[in-house]
Amino acid sequence: MGGAESKSKGIKGQAATGLRRRAPIVVRGLNHWFGEGEAAKQALFDIDVDIEAGKLITLVGPSGSGKTTLLTLIGCLRRVQEGSVSLLGSELFGASEGQLVAYRRQLGFIFQAHNLHDSLTAMQNVRMGIEVHGREAMLRWEEAAALILTTLGLGDRLNYIPSRLSGGQKQRVAVARALVGNPEIILADEPTAALDKDTGLQVVQLLKRLGEERGTTTLMVTHDNRILDMSDRIISMEDGRIVSGGA
């Protein structure tokens, strides 16, 4: 009886493991340097970390601790020099430039600088986040852009160019551009730095809701202590190493 029960538990455990989603970001033995030869300076040291699907994960630490470097390597904005980075099941080490471009299109990026095109309206700036997904996605781009901008409180600013928007409104347009394509992973570098408290919380609440409702994974670099309580996990970095929260 006990043997049969034990075997049954084992089968159930294996089934549960099989159903569990693979972590969309898996980093192993990651090292990175800036510069070459004797002038090379190591920025990351033997980083091991898994980022779970559907979670809001924050990277914290002092300036120069390696947070943004790690984020840009995961985001295919820099080449992996040593170690392994698996992004949605694809290995980034040794990937060609064409492959990195294709991988980037699966991601949503939110940066501290909004990087909006000054001559385009809010709607047209958000459209750029849809264009990378091909002709079929563009068939209903106006509806998608208007919906995400309205969700972020910009329903009355759809046709405003950036010069007619406040700093916080510009950042919300940038957030809308990152989210409109419904990416599986969002990489955010200080996304609330230019926002007031209420707007910053609104943006983070939206990111958290996307994780709960769509399974979207968000990895966010921040110095904003106001939003840490909303994180599912906090990873702390110092001097290019993960010092807590990496397990």
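So that you can scan it fast, the table gives a plain yes or no per residue for (1) surrounded by 10 or more Cβ atoms within 10 Å (Cβ to Cβ); (2) at pLDDT 90 or above; (3) touching a strand residue (DSSP E or B) at 6+ places or on another chain (Cβ under 9 Å):
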{"position": "Gly2", "(1), (2), (3)": "no, no, no"}
{"position": "Arg21", "(1), (2), (3)": "yes, no, no"}
{"position": "Leu30", "(1), (2), (3)": "yes, yes, yes"}
{"position": "Ala40", "(1), (2), (3)": "yes, yes, yes"}
{"position": "Ile51", "(1), (2), (3)": "yes, yes, yes"}
{"position": "Leu56", "(1), (2), (3)": "yes, yes, yes"}
{"position": "Gly61", "(1), (2), (3)": "yes, yes, yes"}
{"position": "Ser65", "(1), (2), (3)": "yes, yes, yes"}
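Tell me which of these Glu136 doesn't satisfy, since it passes every other one: (1) loosely packed, with under 12 Cβ neighbours inside 10 Å; (2) at pLDDT 90 or above.
For Glu136, the exception is condition (2).
Only one of (1) in contact with a Ser or Thr (Cβ under 6 Å, 6 or more places away or on another chain); (2) part of a loop (DSSP other than H, G, I, E, B) is not met by Gly64, so which one is it?
Here Gly64 clears every test but (1).
May I ask you to verify whether Arg214 is under 16 Å from the mean Cα position of the chain (by Cα), more than 14 Å from Leu152 (Cα to Cα) and at pLDDT below 90? Break it down into steps so the answer makes sense when it comes.
On the way: under 16 Å from the mean Cα position of the chain (by Cα): yes; more than 14 Å from Leu152 (Cα to Cα): yes; at pLDDT below 90: yes.
For Arg214, the condition - under 16 Å from the mean Cα position of the chain (by Cα), more than 14 Å from Leu152 (Cα to Cα) and at pLDDT below 90 - is met.
How about region 187-206: which of its residues are of a type in the set (A, V, I, L, M, F, W, C) and touching a helix residue (DSSP H, G or I) at 6+ places or on another chain (Cβ under 8 Å)?
Leu187, Ala188, Ala194, Leu195, Leu201, Val203, Val204, Leu206
Return yes when Leu154 is crowded, with 16+ Cβ neighbours inside 10 Å, closer than 16 Å to Val203 by Cβ and touching a residue at least 24 places away in the same chain (Cβ under 8 Å) and no when it is not. Spell out the reasoning first.
Values: crowded, with 16+ Cβ neighbours inside 10 Å: yes; closer than 16 Å to Val203 by Cβ: yes; touching a residue at least 24 places away in the same chain (Cβ under 8 Å): yes.
When the stated conditions are applied, Leu154 passes them.
Go through region 216-236 and give me each residue that's in contact with a Leu (Cβ under 6 Å, 6 or more places away or on another chain) and either crowded, with 17+ Cβ neighbours inside 10 Å or under 23 Å from Lys41 (Cβ atoms) (or both).
If the condition is that a residue be in contact with a Leu (Cβ under 6 Å, 6 or more places away or on another chain) and either crowded, with 17+ Cβ neighbours inside 10 Å or under 23 Å from Lys41 (Cβ atoms) (or both), then Thr216, Thr218, Leu219, Val221, Ser231, Ile235 are the ones that fit.
Given the residues Gly83, Gly94, which is the only one that is in a strand (DSSP E or B) and on the phi > 0 side of the Ramachandran plot?
Gly83
Could you grab me the full set of residues in region 96-126 that are over 19 Å from the mean Cα position of the chain (by Cα), without any contact (Cβ under 8 Å) to a residue 40 or more places away in the chain and surrounded by 14 or more Cβ atoms within 10 Å (Cβ to Cβ)?
Met123, Gln124
The values are calculated or read from the model by the stated rules, or taken from the named source; none is laboratory data. Note that this is a predicted model, so its numbers are computed, not measured. A quick note on method: Cβ atoms are made from the backbone with ideal geometry, for glycine too, and the neighbour counts reach across all protein chains shown.
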